[in-house]
Amino acid sequence: MSRLQTPARVALGTILLLHGLANTVLPLRGIGAPSGGWWSLSMTLLYVVAIAGFVIAGLGVLGVAPLARLTLPAAFAAGIAGLVVLLWRADSDLWMGVLLSASLPVLTALYVGRCTERAERTLFD
């Protein structure tokens, strides 16, 4: 079974992608806008980092070669940006987003570390 077909890889990559796309909901609804017709540059940049970071990390985990190197930095940047935005929003309905934004970078780091360790063992043993 190739690395692309492993259930953990597909599940983690898909969850990262879906969480990245789920981060688009609040800015599309204008939630981060201070008032009608205005937008906050800092909140917009944080949303962009969260969305792009989780999508890049998801594609990297799924095996898109040009993005594989960026998987870990993108996941952590997205997690921090997503947490800042969600905690700034302080809405009790967003607890699942906070949980995912905090745990997905850690799960990604564990997965990447495990894959790297396995590859090193395979190459040098």
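The values are calculated or read from the model by the stated rules, or taken from the named source; none is laboratory data. Computed from a predicted model, the values in this text were never measured in an experiment. Backbone-built Cβ (ideal geometry, glycine too); neighbour counts: all protein chains shown. Keep in mind that these areas ignore ligands, DNA and RNA; they rest on the heavy atoms of the full protein, side chains included. Shrake-Rupley method; radii C 1.70, N 1.55, O 1.52, S 1.80 Å.
Here are the numbers:
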read-out	value
Sequence of SER101, SER42 from largest to smallest accessible area, 1.4 Å probe	SER42, SER101
Net length gained if the chain between VAL64 and ALA52 were fully extended (0.36 nm per residue, minus Cα distance)	2.9 nm
Sorted peptide list for 64-71, 75-82, 15-22, criterion being average Cβ within 10 angstrom, highest first	75-82, 15-22, 64-71
Stretch gain in nm, segment LEU110-ALA8, where the contour uses 0.36 nm per residue and the Cα spacing is subtracted	35.6 nm
